[in-house]
Structure formats: structure tokens, C-alpha cells
1. Springs between alpha-carbon pairs under 10 angstrom, Gaussian network model over chain A: which of A:Pro221, A:Pro47, A:Pro299 fluctuates most?
2. Under a Cβ-Cβ cut-off of 11 Å, what is the net charge of the residues other than A:Phe62 that fall near it, where Lys and Arg count +1 and Asp and Glu count -1?
3. Counting other Cβ atoms within 10 Å of each Cβ, which chymotrypsin sites (Phe, Trp or Tyr not before Pro) in the stretch B:29-135 have at most 12 and sit in a DSSP loop?
4. Which residues, if any, in the stretch B:1-37 have at least 50 Å² less accessible area in the whole protein complex than in the isolated chain, probe 1.4 Å?
5. Can you give the local net charge around A:Arg187? Use residues other than it whose beta-carbon is closer than 11 angstrom to its beta-carbon, Lys and Arg +1, Asp and Glu -1.
6. In nanometres, what is the gap between the two model label sites at A:Asp92 and B:Val73, each 7 Å from Cα along Cα-to-Cβ?
7. Accessible area per residue for chain B in Å², computed with a 1.4 Å probe and the full protein assembly in place, what is it?
8. May I have the extent of the alpha carbons of the stretch A:186-330 along their three principal axes, as whole Å values ordered from largest to smallest?
Amino acid sequence: MNEGLLRELVPTVIGILVRRGADFASAEDAVQEALIRALATWPDDPPRDPKAWLVAAAWHKFLDAVRAETSRRGREVAVDAEPPPGPAPSTDDTLRLYFLCAHPTLPPASAVALTLRAVGGLTTRQIAAAHLVPEATMAQRISRAKRRIAGQPLDQPGDLPTVLRVLYLVFNEGYGGDVDLAAEAIRLTRQLVTLTDEPEVAGLLALMLLHHARRESRTGPGGRLVPLGSQDRSLWDTGLIAEGVAILQAALARDRLGEYQAQAAIAALHADAARASETDWVQIVEWYDELLPLTGDSPVVRLNRAVAVGEADGPQAGLAALDGVDPSLPRYAAVTAYLYERAGELSRAAGLYADAARAATSVPERDHLTREAARVRQQLRGS
Amino acid sequence: MKYLLLKHYRGGPDAVAPQPPMDEWTPEDVDAHVQYMRDFAARLVETGEFVDERALRPEGTFVRHDGEGRPPVTDGPFAETKDLIAGWMLIDVESWERAVELAGQLSAAPGAGGAPTREWLEVRPLFSEQLLGTE
């Protein structure tokens, strides 16, 4: 059985049930139950028409749920066993699911979970494992999210920036359990590109592909974090890079720049350098200057820009570019440590790397920064 | 039987082999320490004794209820003298002796200069989830 094919069917089948008169929450539950049954039975007994099988199974689950509900309330069964034909499903159904699952009223964690289930076709168990929470907790998170968006019209245009933010969140969650969330985010963004005509969607896809291309090189022996400048560039996936660059160029040609296109342009410039020393930092700074106003002068972008300025114009210029950036930002100490090290102020740099390690938000990052502090201190002892 | 192996930033008995802060070790010693911890966890996965492990960031605070309609009271960040937990590993093993043996192995992780840190780890049995024998 091709699990990928099965998962691709999920949003379509939800759309079909909704068109037959089911409400979104019940339709989504019914399809999830049918999906779990398909995962259990298809390997031994593959259906001839997977989509028809899934529609029929989901519709029966839906009817069972309606019957249980009506008998609980002591009323007549109101739904016919034979589904009304309903209008033919269209690709717009899937697009609307993206908007609904990433509805702006939902907290990000709920939008992520609901998107992975209803659009991505993952099971609650897989989503829970990927987020290191019990399955019952994840099931509740999804139910509450669905209650929260109950009554939202399915035929309204949604908020695309929120959808893109949710997909980028999924991408950055990386690996968890047996699901590769980064690959899943790429698949969902690819699909969204076919459903919309917005250069920013293509920009996000390009950004993901360019980052994903470097994945192998980002961790060294023992899971150690390897920063961009020290990565083995022969490990970069040139096929993904070429695809990301082509998608980006087509998006940029439409002359409607947005933050994902600008970020992808920066990633493309990194990808373009055969050696770290060949990086075109001047152009990267120019892209950061484009990116800043697009993000409402984001402090994180300002911080990253300071690193690029440090490379393009020297560490003193980089430190000057930090002026006005909030020092309590995560990674602020790490960035200043790096710039002071480049400026030759090793003792100050070592102290800042140690501060940065204490402020790190993940164990690999903490270990990396501790090692950086140790490395600079060793250099100090040697000089 | 499940046991929690607790690592402390501070608190507990006096260190027998006091370590300088990790950022003052050599990079090779840092790597060796991190690798030892990873290998240890991987070995317990192999033996079927590993349950979970998490590391805790050093900041945080104490919080308590302060009456209806009032915001909770906080006391912190933690005073320098207070015990501070750095992380835990949850293991599921045959016996108390095995839990102690494993904690001893974990405490043998190489420190500055490559010698075992011999740091104190706290071993705490969890209450059982089983109700057998209570009737």
C-alpha cells in the first residue's frame, strides 16, 4: 500500500463528505476513522479504487456517528444511508481546508495539529508522537480546535499569511516520531502552490527546499550541530537547490516581493557559494534590507542582518548594526560573541558564548555554544 | 520498576571531583562528555530500559496561589543556595540495584581532562502504576 497516496486522499474525501451535507468536524472525524481502518486493512486487502473505498468507509463512519447521536437524543435518524450526489468536489475544497485548519482564531499549536490531520492525513497517534505529547492530549487539542472554528463558513477566502506561518512552523519542527515533519511541510506547501497563485507561497516552498537541501550537513558526529560556515557543502542536495532556485526566480519575476521570497533569496545566495569564503555577503545584506520592512522591522531579522553586515563590512560594523536590538532576544549573546571573536576580542567572546549557552533554547544549541566557548578559551590559553 | 535519575545544577552532597564550568573545558572534553551521555541513553534503548530523558533550562521560579481573585505570587528566580535540577532520565529496570548501577555508570561520564566527573546523581523510585495486592 502506498501510504502517501492514501494521505493525499484525505482532504479530498473530507471535501466530498462536507459537500454531501456533513459538518466539517464530523466529516473530519469520520475520515480519520476510515483512514485508521485503511492503514490496518489495505496492506492485506488493497482496494481497487482507493478513493471510492475511503469515501464509502468515511460516509459509513459518519452515518454511524449520526445514528449514535440521534438515538442518544431519542430522535429519528435524519440522514439517508445513500449519500445525496452533491456537487462534484473541486480543488478549491482542499484550499478551503488549508484556510480553515490554520484559521487566525486558532492558537498556533492547534492550527499545526489540525492541518497535519485534516490536510496532511496523519493520524492523531503520529501527530502526538511527533510533538511528544500523549495521544489523548493531542486528540483533545484537535477536538477543541474544531469546536473553536465550528460555524466558520467554508466558502470564504481565508488568511493566506496565517496558512504560510503554520506550514513554516511545521517545517521547523523537523523530525518527530516516525514522521518527517519537514518533508510533510514541503509536500503540503507544494500542494498549496498548485491551488493558489501567490508568489509568496512559491517563496515559502523555495525557502523550505533550500533549507532542506542542507539538512544532511547540519549535524555532525554524535548529533553535533554544525553551523553554516563549517558545513560540508558536498553534502548539500544540489537537486533540491536547483529546484528551489528555479521556483524562487519564477516567483521574483512576478515583482510582488514578500518576506518568504526575500528569505529564500538569502538562502539561495548561501547555496550558491561553493565555499563559505565565497559567500556574497554584500548581496545578502541588501536582501536583509529588503526583508526588514517586510517583517515590520523584526528584531530577529535585525539580529541576523548584523551577522551579514559583520561578514560584509567587518565585525565592528556588525556590532554597530546591533544598535537598538533588544539584548534579551534569544541568540543575541551568540551573535555578539561571534562578532567579538572576529574582532579579536577573544576573552569577551568566550564569556559571551558561555552566556549564550546558558540562554540556549535547545540542547544541541547549548552544547554547540558551550563548545564554542571552550574553543575560544583554548585559543586564549594557546596565545 | 521505574526510577528517575536526577541531575542537579547545584544542591546535593559536596562534589568529590569539582569540575570547572563546562565552557572552560577543552572542546575535545566537551565532545567526549556529550558523546558519553548520548551513548549511555542509546545503550539503555538497546537493553529496553530507557523511558524518557529531558534537560531543564536553568531559569525558572516558584509560584503559589494567593487567594481568590488575586494573581499568583512568585518567588524567584531560584536563590543561589537552593537545589536546582538540571534534567532527568526515566528508566524502567528490574531492580533498585540495577538503577543504582546505571546511575553509577552515568556519573562516570568524562569531565574536564577526561577523568570521570563522579558527580552525584539522585535516584528516586516512582510509585507503581499497579494496584495488585492492595485488596
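The values are calculated or read from the model by the stated rules, or taken from the named source; none is laboratory data. Because the structure is a prediction, the values reported are computed rather than measured. Reconstructed Cβ throughout: ideal geometry from the backbone, glycine too, with neighbour counts over all protein chains shown. These accessible areas exclude ligands, DNA and RNA; they are computed on the full protein's heavy atoms, side chains included. Shrake-Rupley method; radii C 1.70, N 1.55, O 1.52, S 1.80 Å.
1. Taking springs between Cα atoms under 10 Å, the residue moving most is A:Pro221.
2. Numbers: positive: A:Arg20, A:Lys61, A:Arg67; negative: A:Asp23, A:Glu28, A:Asp29, A:Glu33, A:Asp64, A:Glu69.
Residues near A:Phe62 contribute -3 overall.
3. Values: sites: B:Tyr36, B:Phe40, B:Phe50, B:Phe62, B:Phe78, B:Trp88, B:Trp96, B:Trp120, B:Phe127; in loops: B:Phe78, B:Trp120, B:Phe127.
Here the chymotrypsin sites (Phe, Trp or Tyr not before Pro) that fit, given the DSSP loop and packing criteria, are B:Phe127.
4. Flagged in the stretch B:1-37: B:Asp23, B:Pro27, B:Asp31.
5. Values: positive: A:Arg7, A:Arg190; negative: A:Glu8, A:Asp180, A:Glu184.
Neighbour charge sum, excluding A:Arg187 itself: -1.
6. The answer from the label model is 6.1 nm.
7. I get 66 Å² per residue for this part.
8. 45, 39, 27
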